Amino acid sequence: MPNAEHRHCVRHLHNNFKLAGHTGAAFKQRLWAAARATTIPVFEAEMEQMLGQSQAAYKWLQERPAAHWSRSHFSIVPKCDILLNNLCECFNAAILEARDKPIVTLLERIRTYLMLRMARLRETVWPHEVGPRIFGIVEKNSIESGHCIASYAGGGKYQVNSMLGAMFVVDLERHTCTCRKWDLSGIPCPHALASIAKSEHSPLDFVHALYKRPAYDRAYEGYISPMPSQAYWRKTGHVPIKPPVYRIQPGRPKLSRNREADEIPKGATKLKRYGIVITCRNCGQEGHNFAGCPQLRQGQPRGRARCGRRGRGAVRGRGARGKGAATANGDVDTTSVNASGTTASGTTTVRGVKRGRGVVSEQQQTQARPKFNVKRGAQAPYVIRKTNVFADSQAGQSSQAPSGPAPRSQAPSGPAPSKQAPSQSVPHSQGPSQPAPRSQAPPQPAQSSQAHQGSSSQPQPMVTSPKRPRLKSPAKRIRPWRV
């Protein structure tokens, strides 16, 4: 068709724009702003900003005629202002299930789809004079027309003042506006709707006739005839045409198309971060992270001291590996440990696991674990009973265990060392000893030293308290509450 207008899809134009080396969100926004511009002054202003960003990008766009990709240079005859090739995309999505079938099956499925679609759309009922989608656009523009003030000038022309300070001329007889949105699409713009409201007319009367029911019925008045199966076809007597030899191609058949690098995948819930510069925490350089650091691949030492081996069983903390130091699996180095369990320096080694910067023994782990089992979702009385039983058992164990180290049989001639606190001598009492409560005042150092010197060789127990000691374990006795 020689008189038909040819337009380019801006999405594919932007892909070629990126392949030319003009990537980034700033170039993309400027390209789409120039494509959406409906007037030539706005288009030229957007191109001037593009020139300020990159002269090469401005020259690349100047080589493509604006009549193919910008609304400012589109013709007003087709009454269409779309910038994307959505019609072909919708058709490709409709034949997705049939395009991998043989040619006869493919054509039969497409014929059935179009037959049912045309029959369904032909029977569609419109609640208004125009289609539902066009009616929604008119309602949206009517809301935006509240920011415009129309003044009648005569001859069906109005001067519309916008709240942003711009002025437009609307001609209701010719269905034109200075912004050219009404001219391009045939749907009244907000400035035109403000003028229509001033003239007290219906907005649907000024919508182009291509969007009304008579034009819609003319588009779907034809139909596709149904066909019987091949068994009911008339025999012609000719030699049947054999299908071509079908060869199975290697690999799995491809069903999905290749997506662009910046295209949002289907079903995505998060957006990609644009303009983020990745910095490696090992070498401090940009362009890669810790996992892809080239220094780690070459076996070079790491740049920072804290970037050590991460994961389960890693050794972290200050100090080098030496006598009794923790190894990578959490155990203590036993290279210099003798059979008695002591190292060469006389320090007792402890087998434990890594916790933070130190090593926790197995005894401390056992004390930290809860020793009672409570069913998940149990009632409050059951939890209280289990907790109280555990508290009583802990109290009995603490009463049977010795309260502290026994004093020596002979007192030293010199003064007692400052690191050890001497115990106070008290008369012997019946029953097992218990640790003194926290409320008891600490003994005086002078009296305790005299009592220690005058004590006998037999070990003296500490003062017992009838009160139950406060447990430091997480299983504290819980008083029942009202449920």
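Taken together, G251, G267 contain a single residue that is open to solvent by less than 90 Å² (accessible area, probe 1.4 Å), more than 26 Å from the chain's Cα centre (by Cα) and within 30 Å of E89 (Cα to Cα), which is G251. Against the numbered list (1) open to solvent by 50 Å² or more (accessible area, probe 1.4 Å); (2) within 36 Å of the chain's Cα centre (by Cα), W69 comes up short only at (1). Inspection of the range 40-59 identifies no residue that is basic (K, R) and either outside any helix (DSSP H, G or I) or surrounded by 12 or more Cβ atoms within 10 Å (Cβ to Cβ) (or both). Within the range 282-295, one or more residues are in a helix (DSSP H, G or I) and either over 30 Å from G136 (Cα atoms) or more than 44 Å from the chain's Cα centre (by Cα) (or both).
Every residue, every condition in (1) open to solvent by 30 Å² or more (accessible area, probe 1.4 Å); (2) farther than 26 Å from R7 by Cβ, yes or no:
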position: V125; (1), (2): yes, yes
position: R133; (1), (2): yes, no
position: V170; (1), (2): no, yes
position: K181; (1), (2): yes, no
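Taking R218 as the residue in question, decide whether it is basic (K, R), loosely packed, with under 15 Cβ neighbours inside 10 Å, under 30 Å from R122 (Cβ atoms) and without any contact (Cβ under 8 Å) to a residue 60 or more places away in the chain. So R218 passes the test.
Matching residues to (1) out of contact with any Leu (no Cβ under 7 Å at 6 or more places or on another chain); (2) assigned to a helix (DSSP H, G or I); (3) over 15 Å from P190 (Cα atoms):
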position: G136; (1), (2), (3): yes, yes, no
position: N141; (1), (2), (3): no, yes, no
position: G146; (1), (2), (3): yes, yes, no
position: A150; (1), (2), (3): yes, no, no
position: A153; (1), (2), (3): yes, no, yes
position: N161; (1), (2), (3): yes, no, no
position: F168; (1), (2), (3): yes, no, no
position: E173; (1), (2), (3): yes, no, yes
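Each row is one residue, and each column tells you yes or no for (1) open to solvent by less than 50 Å² (accessible area, probe 1.4 Å); (2) not in a loop (DSSP other than H, G, I, E, B).
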| site | (1), (2) |
| --- | --- |
| P2 | no, no |
| N16 | no, yes |
| K28 | no, yes |
| L31 | yes, yes |
| R64 | no, no |
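The C-beta contact set for the range 95-107 (first residue free of Cβ contacts under 8 Å to residues at least 40 places away in the same chain and open to solvent by 80 Å² or more (accessible area, probe 1.4 Å), second residue part of a helix (DSSP H, G or I) and not β-branched (V, I, T), distance under 7 angstrom, 6+ apart or interchain) comprises R99/L106.
The values are calculated or read from the model by the stated rules, or taken from the named source; none is laboratory data. Keep in mind that this is a model prediction, so the values were computed, not measured. Positions of Cβ are generated from backbone atoms using ideal geometry, with glycine treated the same way; all protein chains shown enter the neighbour counts. Areas reflect the complete protein model, heavy atoms only, side chains present, ligands, DNA and RNA absent. Shrake-Rupley method; radii C 1.70, N 1.55, O 1.52, S 1.80 Å.
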